[in-house]
Amino acid sequence: MQTRVKAPKNEVAAKAALTARAANTPVAPTPAPTAGKKAKLKPKYFLAMAGNIGAGKTTAAKLISQRLGFELFDEPVIDNRFLKDYYADMKRWSFTLQLEFLIRRVEHHELIHTVNKSCVQDRTLYEDPEIFAKYLHGLGFMTNSELDLYFEYFARLNSKLPKPDRIIAFDVPDVDVLLKRIRTRGRAEEKGIGKDFLRGLNGYYSSFSQVVQSKYGIPCLTVDVSEMDIRERPSRDEFLDQVNTFLRS
C-alpha cells in the first residue's frame with residue numbers, strides 16, 4: 001500500500017495563491033506569423049535529380065551537396081560493370097544494364113532511408129522504367145518478355161521503398177547542347193552516343209514531370225538549363241534559390 005505524503009500547509013497556501021493569480025491573469029494571444037516570413041525547412045529532405053545524359057545532373061547534385069549540406073548519392077556509372085559492353089552492343093546488354101541500374105538505385109533508396117540528414121540523388125529511380133526501359137524496348141533493344149520481367153522486378157522492389165520528397169528535372173531541348181557537354185566531359189564509354197539517341201530520350205523526358213507527379217505522387221520542378229552554367233555565378237545562385245524555394249513549397 002502506497003503512502004501519500006501531505007504537502008506542508010505553507011506550500012499548499014502558496015499553490016493556492018498562484019492558482020488564484022493565474023485565474024485573474026489574461027492569457028496573451030498567440031503571435032501571428034510575420035508577413036512574408038519563409039517557412040522553415042524540415043529536418044530531412046530526400047531530393048532527386050533527373051535529366052537526359054549530359055543535362056548537368058551530376059554537377060547540380062554536387063553543388064547541392066556542397067552548398068546546402070546534403071549527403072550526395074552519385075549515379076552508379078563509373079563502377080557499372082556492364083556500361084562499356086552496353087554502348088558497344090545495346091541489343092545484347094540493354095536488359096542486363098537496366099537491371100543493374102535498378103538494383104543499385106534501390107540500394108540508394110534503402111541507404112538514404114537510414115541517413116540522418118538531407119540527401120540528394122543523382123538520377124532518379126523512376127527514369128529507368130519510365131524512360132530508358134521503354135525507349136530501349138521501342139528501339140528493339142529489349143524484347144517484350146524482357147520488358148515485362150523488368151517491370152515485375154521494379155514493381156516488387158519499389159513497393160516499400162521511401163520516395164523522394166521532391167524531384168528536380170533538368171530540361172535541355174537542344175540535343176546539340178547535350179552532345180557538346182557529353183564530348184566535353186569525355187567519358188570513354190559515351191563516345192558512341194549520337195543525336196538521334198538523345199533526341200529519342202528527350203521525347204520521353206518531355207512528359208516525365210507529369211508522370212512522376214500523377215503516377216508516383218512526387219512534386220517535380222522542371223528547369224530549362226540550356227543556357228545555364230550552374231558552376232558559375234549568377235546561374236549558380238539562381239539555381240540554388242530555385243532549389244530552396246521548391247523545398248519550402
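The values are calculated or read from the model by the stated rules, or taken from the named source; none is laboratory data. On a predicted model such as this, the values are computed, not experimentally measured, just so you know. Cβ coordinates were reconstructed from backbone atoms using ideal geometry, including for glycine residues, and neighbour counts include every protein chain displayed.
Kindly indicate whether residue 129 is more than 12 Å from residue 94 (Cα to Cα), within 23 Å of the chain's Cα centre (by Cα), in a helix (DSSP H, G or I) and not basic (Lys, Arg). Outline the logic, then answer.
Working: more than 12 Å from residue 94 (Cα to Cα): yes; within 23 Å of the chain's Cα centre (by Cα): yes; in a helix (DSSP H, G or I): yes; not basic (Lys, Arg): yes.
For residue 129, the condition - more than 12 Å from residue 94 (Cα to Cα), within 23 Å of the chain's Cα centre (by Cα), in a helix (DSSP H, G or I) and not basic (Lys, Arg) - is met.
Yes/no per residue for (1) hydrophobic (A, V, I, L, M, F, W, C); (2) crowded, with 17+ Cβ neighbours inside 10 Å:
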site	(1), (2)
108	no, yes
111	yes, no
116	no, no
119	yes, yes
126	no, yes
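When the residues of segment 50-82 are filtered to those that are among the aliphatic types (A, V, I, L, M) and more than 16 Å from residue 201 (Cβ to Cβ), which remaining residue is surrounded by the most Cβ atoms within 10 Å (Cβ to Cβ)? Show your work before the answer.
Taking segment 50-82 as the starting set, the residues that turn out to be among the aliphatic types (A, V, I, L, M) are 50, 53, 55, 60-61, 63-64, 68, 72, 77-78.
Subsequent filtering for residues that are more than 16 Å from residue 201 (Cβ to Cβ) retains 60-61, 63-64, 68, 72, 78.
Values: 60: 26, 61: 24, 63: 20, 64: 23, 68: 16, 72: 15, 78: 9.
Filtering first and then ranking leaves 60.
Going residue by residue through segment 184-193, is there one that turns out to be out of contact with any Asp or Glu (no Cβ under 8 Å at 6 or more places or on another chain), modelled with pLDDT of 95 or more and not polar (S, T, N, Q)? Before the answer, list the steps.
First, the residues of segment 184-193 that are out of contact with any Asp or Glu (no Cβ under 8 Å at 6 or more places or on another chain): 184-193.
Subset that is modelled with pLDDT of 95 or more: none.
Within segment 184-193, none of the residues are out of contact with any Asp or Glu (no Cβ under 8 Å at 6 or more places or on another chain), modelled with pLDDT of 95 or more and not polar (S, T, N, Q).
Which residue is surrounded by the most Cβ atoms within 10 Å (Cβ to Cβ), if the candidates are limited to segment 196-249 and must be over 20 Å from the mean Cα position of the chain (by Cα) and part of a helix (DSSP H, G or I)?
Filtering segment 196-249 for residues that are over 20 Å from the mean Cα position of the chain (by Cα) and part of a helix (DSSP H, G or I), the one surrounded by the most Cβ atoms within 10 Å (Cβ to Cβ) comes out as 198.
For residue 127, are the conditions met, namely being at pLDDT 95 or above and either within 30 Å of residue 235 (Cα to Cα) or not β-branched (Val, Ile, Thr) (or both)? Show your work before the answer.
Numbers: at pLDDT 95 or above: yes; either within 30 Å of residue 235 (Cα to Cα) or not β-branched (Val, Ile, Thr) (or both): yes.
Spelling it out, residue 127 is indeed at pLDDT 95 or above and either within 30 Å of residue 235 (Cα to Cα) or not β-branched (Val, Ile, Thr) (or both).
Working only within segment 57-102, note down all residues that are part of a helix (DSSP H, G or I) and of a type in the set (Gly, Ala, Ser). Please lay out each step first, then the result.
First, the residues of segment 57-102 that are part of a helix (DSSP H, G or I): 57-68, 83-88, 90-102.
Across segment 57-102, the qualifying residues are 60, 61, 65, 88, 94.
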